[in-house]
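As structure tokens, the structure follows; a few thoughts come after it.
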């Protein structure tokens, strides 16, 4: 892999790690608030919002840590990519239904809430980084398990 | 048995992704078991309900007099008992939300138009009546703020149902629309 490929790989990996460790940590710090943010989407039955809020932050944290440590990178990216797809679908549904809500992506009580449309663009950007990490990881070590 | 579509490497990655997901779920549920259990069993979601959080925020944000009362939180499980004792449900959401669906028997008193409706409300509802406010579930502060205002106006028993309309509706409890 070229030096540009290596820089792109590590930069993308570290950006994703930072984003998801931060996102997971602030949500895990206030599960109830995060449950309220999920409930604002009006997709899940009420109690299920708490189930998702109780588990999702730890998944983001775990995958973010693996990316930071450069271990099990492709399994972590696969999980995050699947999560990102779900986020994008949820945000799309909020945009289509005209909901004026905070996306709930990061700090639940953020002073400047992120609209679903802005969060949608950000998630699409993250998806590009995930694809880059997946492909460049493969180019780096195609025969390795991870 | 080998899949003709997925290479062994990809299958290994998928398997590890599943293990990661299960591990994170186990950790999350382990740390928040009580919260999730309470949410599914219709109880108050934690020992430190939104009312505590809101009361702290209120005391930090505003200069308030000593002795200001805060409404007491009630769970869905307790609500039936209070309603049987004659409590009045008060919907603090917007009129539009109230029209689209509310707890059976609730009256509308939106926080946003409280000043305009308060005198009329006080004429109809005696100060001794037990009141239970609600709004759009957890994370919605309107029911708490309405409860504080009603206590300030002299109502003696004011409580907040934190689960609000979404929890009540999703539990299959009776709801009404405004035109019913």
Legend entry - Point-to-point label distance, residue B:129-residue B:72, nm (Cα→Cβ direction, 7 Å offset): 2.0 nm
Legend entry - Which of A:138, B:155, B:165 has the fewest Cβ neighbours within 10 Å, and the rest in rising order: A:138, B:155, B:165
Inset, instruction - Return A:10, B:102 ranked ascending by Cβ neighbour count within 10 Å, so the fewest neighbours appear first. - result: A:10, B:102
Legend entry - Cα Rg, Dmax, the range A:3-140, angstrom units: 15.1, 50
Legend entry - Order of B:19, B:90 under a 10 Å beta carbon neighbour criterion, fewest first: B:19, B:90
Legend entry - Length released on extending from residue A:127 to residue A:139, taking residue separation times 0.36 nm less the Cα-Cα span: 2.5 nm
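None of the figures in this text is laboratory data; all of them are computed from the coordinates on show. Please read these numbers as outputs of a predicted model, since none were measured by experiment. Cβ: placed from backbone, ideal geometry, glycine included. Neighbour counts: every protein chain shown.
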